[in-house]
Amino acid sequence: MPFGNPCQIAFDAKCYAVPVDTSIGLRERKKLRTRAELSDAAFRLFAERGFDETTIEDIVEQVEVSPRTFFRYFDSKEDVVIGFFDDLGLELRAMLATRPSDEPSFTALRAALGTLIDLYEERQDRVVAAKRLAHETPSIRARLLDKHARWENGVTEELVTRGGDPSQEPQMRLLAAVALAAFSTAVSAWCTSGGRADLHALVDGALGAVGDGFDQSRP
């Protein structure tokens, strides 16, 4: 069953320095490590020199790899930033999938977003930097709609899977869109504060403002 919010780009690999998963092979671990190192170097240079002033050659020099290696993992500099957000979207879907099956949909999504906050706080510097770059850089900002669509599609699909009723897809898409918009508003306020505000309180307030609009007694 197709899920309707079309987007043009999709990534499923990690672009942040993630713990090594010993269940995967050495070759794959090396690839994940190289991608994380490229991402770390790119964000560091973006902060030091600016996004437009940083070249791909600058990034690969930091990691001592070739431009060809960079393009194995990213299509462009913009993809380093957008890919970071995509990874967080995959984390959110995985968190939602672990929620108890008998939880109402909004309750489950709210709890999953609450868990995601812990990752945001753990990666505060990277989140704030990525949001700032997205706000300041037109070429990245133009790609954010695709990112929003991928998050919405992933959450909608998971909510429909949990409910087991494909006919509920429009309602689940509305729930996903509104909840994610509230979450994004709270995160933007947090980033504006430089990460000093209480993100849990901001998200709780934003989701609480929209939560009464959904019948939480329904799955």
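I'm trying to understand the selection: among the residues of the range 146-198, which are of a type in the set (Asp, Glu), under 29 Å from Ala129 (Cα atoms) and outside any helix (DSSP H, G or I)?
If the condition is that a residue be of a type in the set (Asp, Glu), under 29 Å from Ala129 (Cα atoms) and outside any helix (DSSP H, G or I), then Asp198 is the only one that fits.
For the range 110-122, enumerate the residues that are β-branched (Val, Ile, Thr) and open to solvent by 50 Å² or more (accessible area, probe 1.4 Å).
Thr115 - this is the single residue of the range 110-122 that is β-branched (Val, Ile, Thr) and open to solvent by 50 Å² or more (accessible area, probe 1.4 Å).
Could you check Thr107 against (1) over 20 Å from Gln171 (Cα atoms); (2) of a type in the set (Val, Ile, Thr); (3) open to solvent by 40 Å² or more (accessible area, probe 1.4 Å) and say which number it fails?
(1)
Of these, Thr161, Thr156, which one is in contact with a Lys or Arg (Cβ under 8 Å, 6 or more places away or on another chain), at negative phi and not hydrophobic (A, V, I, L, M, F, W, C)?
Thr156
Could you figure out which of (1) surrounded by fewer than 20 Cβ atoms within 10 Å (Cβ to Cβ); (2) at pLDDT 85 or above; (3) hydrophobic (A, V, I, L, M, F, W, C) isn't true of Val210?
Just one mismatch for Val210, condition (2).
For the range 27-66, give me each residue that is exposed (fewer than 14 other Cβ atoms within 10 Å of the Cβ) and not in a helix (DSSP H, G or I).
Result: Gly50, Asp52, Glu53, Thr55, Glu64, Ser66.
Within the set of pairs 6 or more residues apart or between chains, which connect a residue that is under 13 Å from Ala130 (Cα atoms) inside the range 35-63 to a residue that is assigned to a helix (DSSP H, G or I) and charged (D, E, K, R) with Cβ atoms less than 8 Å apart?
As it stands, the answer is Ala42/Lys77; Phe43/Arg126; Leu45/Asp58; Phe51/Lys77; Phe51/Glu136, since those pairs meet every condition given.
In the range 187-203, what residues are of a type outside the set (A, V, I, L, M, F, W, C), free of Cβ contacts under 8 Å to residues at least 12 places away in the same chain and either closer than 12 Å to Gly114 by Cα or open to solvent by 30 Å² or more (accessible area, probe 1.4 Å) (or both)?
Thr192, Arg196, Asp198
Would you confirm, using the coordinates I've provided, whether Arg99 is part of a loop (DSSP other than H, G, I, E, B), open to solvent by 60 Å² or more (accessible area, probe 1.4 Å) and within 26 Å of Val210 (Cα to Cα)?
On the way: part of a loop (DSSP other than H, G, I, E, B): yes; open to solvent by 60 Å² or more (accessible area, probe 1.4 Å): yes; within 26 Å of Val210 (Cα to Cα): yes.
Criteria met by Arg99.
Tell me, yes or no, whether the range 109-116 has at least one residue that is in contact with a Phe, Trp or Tyr (Cβ under 9 Å, 6 or more places away or on another chain), part of a helix (DSSP H, G or I) and at pLDDT 90 or above.
Looking for residues that are in contact with a Phe, Trp or Tyr (Cβ under 9 Å, 6 or more places away or on another chain), part of a helix (DSSP H, G or I) and at pLDDT 90 or above, one finds at least one in the range 109-116, hence yes.
Regarding Val81, is this residue touching a Ser or Thr at 6+ places or on another chain (Cβ under 9 Å), surrounded by fewer than 22 Cβ atoms within 10 Å (Cβ to Cβ) and farther than 16 Å from Glu158 by Cα?
no
The values are calculated or read from the model by the stated rules, or taken from the named source; none is laboratory data. Quick caveat, the model's predicted, so the values are computed rather than measured. All Cβ positions, even for glycine, are placed from backbone atoms using ideal geometry, and neighbour counts span all protein chains on display. Just so you know, the surface numbers come from the protein's heavy atoms only, side chains and all, with ligands and any DNA or RNA stripped out. Shrake-Rupley method; radii C 1.70, N 1.55, O 1.52, S 1.80 Å.
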